[in-house]
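The values are calculated or read from the model by the stated rules, or taken from the named source; none is laboratory data. These numbers come from a predicted model, not from an experiment. We place every Cβ from the backbone using ideal geometry, glycine too, and count neighbours over all the protein chains shown. Ligands, DNA and RNA are stripped out before the accessible areas are found, and what is left, the full protein with its side chains, is counted by its heavy atoms. Shrake-Rupley method; radii C 1.70, N 1.55, O 1.52, S 1.80 Å.
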Amino acid sequence: EPEVTQTPSHQVTQMGQEVILRCVPISNHLYFYWYRQILGQKVEFLVSFYNNEISEKSEIFDDQFSVERPDGSNFTLKIRSTKLEDSAMYFCASILDGSSGNTIYFGEGSWLTVV
Amino acid sequence: GNSVTQMEGPVTLSEEAFLTINCTYTATGYPSLFWYVQYPGEGLQLLLKATKADDKGSNKGFEATYRKETTSFHLEKGSVQVSDSAVYFCALMRPDSSYKLIFGSGTRLLVRP
């Protein structure tokens, strides 16, 4: 079965450093997403990306966050200057399109620890 | 606004017990409804889904029925196993909002032998 892959699986970074989380969505999918899950809390939507631009973003997705699709396969989330409260599991996801019955597939997650 | 409310956990059951995890939603329009499962140390996996009222999603012995009149999508299983221990997330997708998922807070299930 096709899958969404994410790297790294775990990253520890110093506060104030830049972090890039990488994702390879399923190859024919059109919509891409980043979600965040702070330890023990709910999964929160950060941003959706379609046709090479952000289609929707949440209040969490402020100026320190950015996303990019630098080539035909990768989809990245950049956090410019990490804060302690950015420590979380970050999930990448993709969907073919919004047709009824289609499913959003998630990667295994990238666990970010800011110290 | 759109939201999903799940029963608080943890839910602790003995093996072969009956499971119900309640989920209710608030949404405009006609959302699709999902249950995702997160096993320890793993990512989110789709468990089942329903895209319209009265649809029943089922997978691995789990079932949930989309009830528009009660805005609910309760997860049930007749006989749980130790391997079902995980966190279960109810979620909705509105078709007019980038198809993003809105998740409930998750319910941890612990099944004891």
Q) For chain B, what is the accessible area per residue in Å², given a 1.4 Å probe and the full set of protein chains? A) 46 Å²
Q: Could you work out which residue, out of B:58, B:79, B:98, moves most in a Gaussian network model of chain B, that is, has the largest mean-square fluctuation with Cα springs under 10 Å?
A: B:98
Q | Expected-Rg normalisation [2.2 N^0.38 Å, Cα atoms] applied to the protein assembly as shown | A | 1.01
(Q) Modelling each spin label as a point 7 Å along the Cα-to-Cβ direction, I'd like the residue A:9/residue A:71 distance in nm, to one decimal. (A) 2.3 nm
Q) Per the Kirkwood formula on distinct C-alpha pairs, the Rh of chain A is how many angstrom? A) 14.2 Å
Q. Can you tell which of A:13, A:26, A:70 lies farthest toward the positive end of the dipole of chain A, using +1 and -1 charges on the Cβ of basic and acidic side chains (Lys, Arg; Asp, Glu)?
A. A:13
Q.
I need the per residue convex hull volume for chain B, using only the alpha carbons, in cubic angstrom as a whole number.
A. 92 Å³
Q: Ignoring ligands, DNA and RNA and using a 1.4 Å probe, state the total buried accessible area between B and A in Å², rounded to the nearest 100.
A: 1700 Å²
Q) Taking the Cα-to-Cβ direction at residue B:70 and at residue A:59 and moving 7 Å from each Cα, how far apart do the two end points lie in nm? A) 3.2 nm
Q: Have a look at the stretch A:33-68 and report residues whose accessible surface goes down by 50 Å² or more when the remaining protein chains are included, against the chain on its own, probe 1.4 Å, ligands and DNA/RNA excluded.
A: A:42, A:43, A:56
Q: Name the residues whose placed amide hydrogens come within less than 5 Å of the amide hydrogen of residue B:11, ignoring near sequence neighbours (fewer than 5 apart) on the same chain.
A: B:108, B:109, B:110
Q | Test item: Cα-centred dipole of chain B, Lys/Arg +1 and Asp/Glu -1 on Cβ, debye | A | 240 debye
Q | FRET E, pair residue A:17, residue A:39, Förster distance 25 Å, beta-carbon r, rounded to 0.05 | A | 0.80
Q: Only Lys, Arg, Asp and Glu count, each charged at its Cβ (+1, +1, -1, -1), so figure out the dipole size of the stretch A:7-63 about its Cα centre, rounded to 20 debye.
A: 280 debye
Q. Got a sec to turn the phi values of the stretch B:53-67 into Karplus ³J(HN,Hα) couplings, 6.51 cos²θ - 1.76 cosθ + 1.60 with θ = phi - 60°, whole Hz, x for Gly and Pro?
A. 4, 6, 5, 10, x, 8, 5, 6, x, 8, 9, 8, 10, 6, 10
Q) Relative to the Cα centre, what is the charge dipole magnitude of the protein assembly as shown, using +1 at the beta carbon of each Lys and Arg, -1 at the beta carbon of each Asp and Glu, and rounding to the nearest 20 debye? A) 180 debye
Q. If the viscosity is 1.306 mPa s and the temperature 10 °C, what Stokes-Einstein diffusion coefficient in µm²/s follows for the stretch B:48-113 when Rh is the Kirkwood radius over Cα pairs?
A. 120 µm²/s
Q: Rank B:83, B:72, B:32 by mean-square fluctuation in a GNM of chain B with C-alpha springs under 10 angstrom and give only the top-ranked residue.
A: B:83
Q: Over the protein assembly as shown, with every protein chain in place, what whole percent of the accessible area is carbon and sulfur at 1.4 Å, could you tell me?
A: 47 percent
Q: Find which of B:4, B:32, B:48 sits farthest along the positive direction of the dipole of the stretch B:1-81, computed with +1 on the beta-carbon of Lys and Arg, -1 on that of Asp and Glu, about the Cα centre.
A: B:32
Q. Pairs A:42/A:83; A:83/B:52; A:78/B:60; A:42/B:68; A:78/B:68: which are spaced more than 30 Å apart, C-alpha to C-alpha?
A. A:83/B:52; A:78/B:60; A:78/B:68
